[in-house]
Amino acid sequence: MPSKTQPVVAKAIEITPESLILIVEGKSVSIPWKNCSDRLARASHDERIRAVLSPSGYGIHWPLLDEDLAVGPLLKSLS
């Protein structure tokens, strides 16, 4: 039986030197870089700020790092 739950999507993202901030369902969720990925934890701020939120809101891409992360699993990793 298919799940009736809606996938988690981000409305926007913000980049700080300390963390990735996801704007989800009207709330801001801060995720430290070390909890995102090893590659992002080692990246420079200039590499991180080039992040692009997908038009669907399901994923984030860092073109300078060739890194892609899905929003849903990022949020689940916090629980």
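The values are calculated or read from the model by the stated rules, or taken from the named source; none is laboratory data. Computed from a predicted model, the values in this text were never measured in an experiment. Cβ coordinates were reconstructed from backbone atoms using ideal geometry, including for glycine residues, and neighbour counts include every protein chain displayed. The accessibility values were calculated without ligands, DNA or RNA, using every heavy atom of the protein model including side chains. Shrake-Rupley method; radii C 1.70, N 1.55, O 1.52, S 1.80 Å.
Things to note:
- The chain: most fluctuating residue of Leu22, Leu53, Leu69 per GNM, C-alpha cutoff 10 Å: Leu69
- Rg in Å to one decimal, and Dmax rounded to a whole Å, for segment 33-79 via C-alpha atoms: 10.5, 29
- Computed about its Cα centre, the charge dipole of the chain is approximately 280 debye, with only Lys, Arg, Asp and Glu carrying charge at their Cβ.
- To put it simply, the accessible area of the chain at a 1.4 Å probe is 53 percent carbon and sulfur.
- At most 14 other Cβ within 10 Å, DSSP loop - GluC sites (Glu not before Pro), the chain: Glu18, Glu25
- Shape category assigned to the chain from the gyration tensor of Cα positions, a/c cut at 1.5: prolate
- Residue of Ser19, Ser30, Ser56 that the Gaussian network model of the chain assigns the largest fluctuation, springs spanning Cα pairs under 10 Å: Ser56
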